[in-house]
Amino acid sequence: MGPPIQSSSALSSEVSIPSFLCLSAEEGDLLARSAPRLATPERAQRFAETFYAWLRHVPETEPILHHVDAGAWARLRAGQSRHYRELLTVPYDRERRRVLRHLGAMHQHMGLPSEWLNGAYALYLEDLQAGANALPDLSAEDHQSLRKAIRKRVELDRFWQMEGFQEATLELLDTQKRFYQALAEIGGITQAEAGEVPSSMLQAIADRLAKILELSLVWIGCLSPGDPWVRIMAAAGPAKAYADGLRVSSDPALPEGQGPVGQAIRSGKAQMTADIPLAWNEPQFAVWRGKAERFGLGGNMTAAARREDGGMVTLSLYRGTGSSFPDGLDSLLSSLVQELATFLDHQSVTTRLLRLQGYQEAQRHLQQELLAQPDPTHIYQSLAQNLVRFAETEGVDVLLAPPDSPVLERALVVGPLAEAIRTLPTPYKQAADSPERSLPDKAWSTRSAQIRLYPAEDPALPNAWREGPLSGVGAVGAWPLLLTPEEEPVAVLVIFARAPDTFSTELTHLINEMIQSAATALRQYADRQALARLTTLYHALTAEGDLLLRAGDERRLLRDTCHRLVESGLFTAAWIGQPDDDGRFFRYLAASGPGAQALQQLQIPVADSSGVAQPLVTRAWHSGRIHYNQDHLADPGLNPWRDFLLRYRWRSAAAVPIRRNGARWAVLAVIADEMGIFQQAVLELFSRIALILGHGLDELDLRRSLREERDRQQYLALHDPLTDMPNRAYFLQTGQEALARARREQEQLAIGILDLDGFKEVNDVLGHSAGDRLLQSIAGRLQGIRRGGDVVTRLGGDEFGFHFLVTDAGDLALISQRILTAVVSAAATAADMPISGSIGWALFPGDGEDFDILFARADEAMYAAKSAGKSTFRLYGGPVSQSAQRRIWVHQHFPRAIASEQVRFFLQPQADVLAGRLEGVEMLVRWRREDGRWNTPGKFMFVVEEDIHLIRGLGIWGLQEAARLRQRFAQLGLALGISLNIGARHFLHPAFLDDLEEHCPQGKGITLEITETVALADLKTSAAIAAALKDRGFRLSMDDFGTGYSSLLYAAKLPFDELKLDQDFVRNFRHDHASFAVAGAARLLGDLSGRSLIAEGIATPADLALWMRMGGTRIQGYHLSPPLAENAFLTWHSWLLPLLRTAPAICPLEDLALLIHITEDAESLRELFRHTAEACPLGIWFAQKQGKYGGLPGFAEAKAVHERLHQLTPDSPTRERADLQRKMREITTQLYQEVAALDRRCGRLPLQAGRNADKGWRYAHES
């Protein structure tokens, strides 16, 4: 039997229990006897497993349990199993009530709803009652009593948990109230006066938070940009000692970075940790667990906020052991920490401004004191003392760097930390790569400022940094003082600051300026001393500077340098020499003074003879440095020249190499008539003169190089690299000058533009290399015909420009002929292709006063020449001028016409006359004039097609109208396709598919007609765009088929659905053999490739008859209907079809030659006069078909008449020609019918009428 279960009377004496939950004595006894069998470890463990399996699927608990590891799961199951057994086995006394109330509060803090608790207890009750029912030795009455007792016990357990749950809810409301109070009070604290020390204010904030929220610990931390370690700025509360030495990081790879602070920094979200084993036993808390237990810390909340400088501020709140923060405080905590970040940002700006003002004041005082020209000691004192006095610097250490000393010598220490600074060891001058360099030494060796934050944390620094006053230094900076960039620093200035953010970018820049001011003062002091000793030589140096400014050439510079050195009075002679071409002796370049030029007679050797006494000039040349001799006569190496020295009284000398562009170039030597004159200062200044002279020579070289480069660049800028002709820039520049001269001299100036005809075909067929050679050849020929004063240029591509002076416009005919002849002859040599040119001219002053206008009008004239048939020239004026005005008018008005819908699309039907139906319409553009009539495309499209903006605007308008028209046809039940022309420039424009997607994304029922010239322009791009159009459902038609020289090739390579035979062929194929042949070839291509073939321009019954005999069925043209306005078409479309009484038979391709003379327009004899009877197409047919059709009655007669026709001449009588043509037409028609009848009997010729005998054709014409 288990422990006795207290009865109602026993329990009520300890705690207050609702009467309905009290157990009777019998229930308590029965429960005590049954408990050991119901609350077994096995049942409890099984229930725990079931319980947590259920919890995994509860939405409120799944996020909490998602990250629980295996160890935590084991602890949770053990606790649940224990609770299960305790329901029946422990006394429900005051302690039990406390435990359950705490458990309920914990569940509330975890954010679990009360409904979840009710569900959990329902599982307890269900499991325990099921166990009770399974006890075999109880009566029915005992079973009922036991179930009742279990219910009361479970309900009491739940009742006490809910008490804790409700108390925690009230606590949450109270905590929220306290948080709001804390926010309000922090806002008041942060409104303190500007300049308040942030650390003291942060401590005040921490103290208030700890008091208001009744916390065990509050600490505020800061994270600097680029630093992974959080620095604790303030801590408060009973357990604030916990923050001492606390190490917290933002680095997830470190143990110290895996806690709530690191998570808050990285996630930007508040982190909450409950005071339960599940939390504190997690691995990420291992670093702090032991310490937290010693200080009695429980639940924790942490949040972080980002500062403007990229750093972070963190706020961590802790309650005591056994207490957690209620859920729902995240936003309030985030508001608190954001308030702190805003405060710190404001304080940082204020502090930086005040600090900057202090340093600026120190700089002003320093500059004022330096005006007195102090010596170095006072310069260092002024710099250090002003920094301490006005910039509130904690200390300044001035370390001198004597050249002959291995250490930096401490010269001056000022400031509050002066005594502590003196305890620091004097730094050594370490090598640049030494790993043990101190901060001052590093600044000295690198010649750059060095800054270190929190030096007390650097283990490499001496212990003095970690003890005493220096431990509070937040930042230390070291600045080298350099007199020149090439020299070693003369001193290092070390500044000690309390705040780690002292050395901001602005402040560092200001300190650099102060250092530069001090360095300038030091240099000025040294310069004053040198000038005092070397006044005379300084004048020479000044004179050398003047020479450099005035020197126009090398020889003068060298000669004047020697002359000024002698004029200084210090030197008797000066000489400049360099090795001769053989490298054996020094040759004279310049000299001044007695005996200087005589040096050339001495043959001073260049060779370096080791071990042998050498002249100073030779030594200086080989060593690359200055050499001097204070007493020539005492130098045994000069014994060979002793007499020479005595003659010219040369007692001492110095020689220094002159470097030019960084290399040895010559030697400068000076000679004095006194001994001992070459002291160190004199030598330094002498070396500087040589250095300046070298710079002067470099300057001369640079000027010459710049002049040459400028000339080269100017030439390149004004000349074409391919042809070496003047380019467009040259043309425009000289054209303006020539125009000004012509205006001044009252002369006529001709501006011309030549554009090659057929050049693109050369590139396409022979390649771009051949095109380049052609351009070079033409350029050479054009240059050859240029007269003096004429300008011939290449403007770009295949365009050339001219401007000539002429006496009158008549000169241009001869000039143009010479130019065109040069083009043709150059093309015959370089490309062997038919290349010609078109030239346009504009004359000043007749065609304009402005060069740009003249240039534009010459361009218009050139286009007029191309339109006139090419290989010719045109002058601006008359029709050309009118055309130009028309272009301008179209450019100005066409966009507005589209916007106002004055540009509309007429509809011309397309029909299958064999099938007897209209198949579709082609949209043909029209532009309404002010008088209400319509302009046809010929009036404006030649301008629109040349301008991408105009043709794109028209194309977009057409796509919109096609989509609208398709919808209207569908609403009217008309199954008609719609064809729309797309301009070449629009089709190849990068935005074409985007335009399509926006204005007509679906292509069903729409055919886009693309001219063959588009495909020829860029086959690869055309193929890609065509594929995209097919994907969108558009049909593609090759418009104007047959006009390009590669029609068949491109028709085969591109995915066209339809070939549209150009109307010029249709218009001419009844009297032009070539056009007739193209039409036949088009039919063959359509048949073999499966592409539909349509003939546009079918205007007469004869056109239709011939087209149908050739096998064509689809037509468009005035024979059906002219283009109609949309509403007119919809009114009359059902009446537009011609009907045939009998459709003609298709003529096989091999017999098409018969049709040439059947047509009504066969009276033309031009083709007959071009061939003999045997060579013309019909003559060839007669020869080939003699065996097949020779027995037909009309064959022999037709052949004879055909031969008589070819015997005619242009001088034959008109009547005779007309009779023969009529006879030929009649006999050929008869022969055609005989051939057709024979082929039908043999089953070789289909009858079109046989396929449509029931159509009821209205039209009854047959040729």
Taking only segment 1175-1220 into account, find how many residues are among the β-branched types (Val, Ile, Thr) and within 17 Å of residue 1153 (Cβ to Cβ). 2
Being polar (S, T, N, Q) and touching a strand residue (DSSP E or B) at 6+ places or on another chain (Cβ under 7 Å) narrows it down to one residue among 763, 727; which is it? 727
So, in segment 1011-1059, of the ones that are outside any helix (DSSP H, G or I) and of a type in the set (Asp, Glu), which residue ends up modelled with the lowest pLDDT? 1018
Among helices (runs of 4 or more DSSP H) completely within segment 877-993, the ones holding 3 or more residues that are surrounded by 20 or more Cβ atoms within 10 Å (Cβ to Cβ), of a type in the set (Gly, Ala, Ser) and in contact (Cβ under 8 Å) with a residue 12 or more places away in the chain are 948-972
Scanning segment 199-224 residue by residue, those in contact (Cβ under 8 Å) with a residue 60 or more places away in the chain and part of a helix (DSSP H, G or I) turn out to be 201, 202, 205, 209
Considering (1) part of a helix (DSSP H, G or I); (2) not assigned by TED's automatic domain parsing to the domain that holds residue 560, say which one residue 699 fails and leave the rest. (2)
Can you find a residue in segment 422-435 that is part of a helix (DSSP H, G or I), more than 25 Å from residue 486 (Cα to Cα), without any contact (Cβ under 8 Å) to a residue 24 or more places away in the chain and not assigned by TED's automatic domain parsing to the domain that holds residue 307? yes
Which residues, counting only those in segment 494-541, are in the same structural domain as residue 407 (by TED's automatic domain parsing), modelled with pLDDT of 85 or more and either touching a Pro at 6+ places or on another chain (Cβ under 8 Å) or in a loop (DSSP other than H, G, I, E, B) (or both)? 494, 498
Would you check if residue 877 is outside the structural domain of residue 791 (by TED's automatic domain parsing) and on the phi > 0 side of the Ramachandran plot? yes
For segment 189-198, does any single residue satisfy the condition of being assigned by TED's automatic domain parsing to the domain that holds residue 308, modelled with pLDDT of 85 or more and in a loop (DSSP other than H, G, I, E, B)? no
Of a type in the set (A, V, I, L, M, F, W, C), out of contact with any Asp or Glu (no Cβ under 8 Å at 6 or more places or on another chain), surrounded by 19 or more Cβ atoms within 10 Å (Cβ to Cβ) and closer than 16 Å to residue 425 by Cβ: is that true of residue 478 in this structure? yes
So which residues in segment 659-691 are touching an Asp or Glu at 6+ places or on another chain (Cβ under 9 Å), surrounded by fewer than 17 Cβ atoms within 10 Å (Cβ to Cβ) and more than 21 Å from residue 572 (Cβ to Cβ)? 661, 662
Residues of segment 732-756 being surrounded by 20 or more Cβ atoms within 10 Å (Cβ to Cβ) and in contact with a helix residue (DSSP H, G or I) (Cβ under 8 Å, 6 or more places away or on another chain), in sequence order, are 735, 739, 749, 750, 751, 752, 753, 754, 755, 756
Residue match in segment 1132-1149 (condition: in contact with a Pro (Cβ under 9 Å, 6 or more places away or on another chain), at pLDDT 80 or above, within 24 Å of residue 969 (Cα to Cα) and assigned to a helix (DSSP H, G or I)): yes
For segment 831-876: of the residues being at pLDDT below 85 and assigned to a loop (DSSP other than H, G, I, E, B), which is nearest to residue 752 (Cα to Cα)? 870
How many residues are surrounded by 13 or more Cβ atoms within 10 Å (Cβ to Cβ) and modelled with pLDDT under 70 when one looks only at segment 32-74? 6
Quick one: is residue 120 of a type in the set (Gly, Ala, Ser), part of a helix (DSSP H, G or I), touching a Lys or Arg at 6+ places or on another chain (Cβ under 7 Å) and at pLDDT below 80? no
If we scan segment 359-379, do we find a residue that is under 49 Å from the mean Cα position of the chain (by Cα) and closer than 25 Å to residue 246 by Cβ? no
Lone qualifier among 780, 789 - being assigned by TED's automatic domain parsing to the domain that holds residue 740 and in contact with a Phe, Trp or Tyr (Cβ under 9 Å, 6 or more places away or on another chain): 789
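The values are calculated or read from the model by the stated rules, or taken from the named source; none is laboratory data. A quick note: this is a predicted structure, and the numbers were derived from the prediction, not measured. Note that each Cβ is placed from the backbone with ideal geometry, even for glycine, and that neighbours are counted across all protein chains shown.
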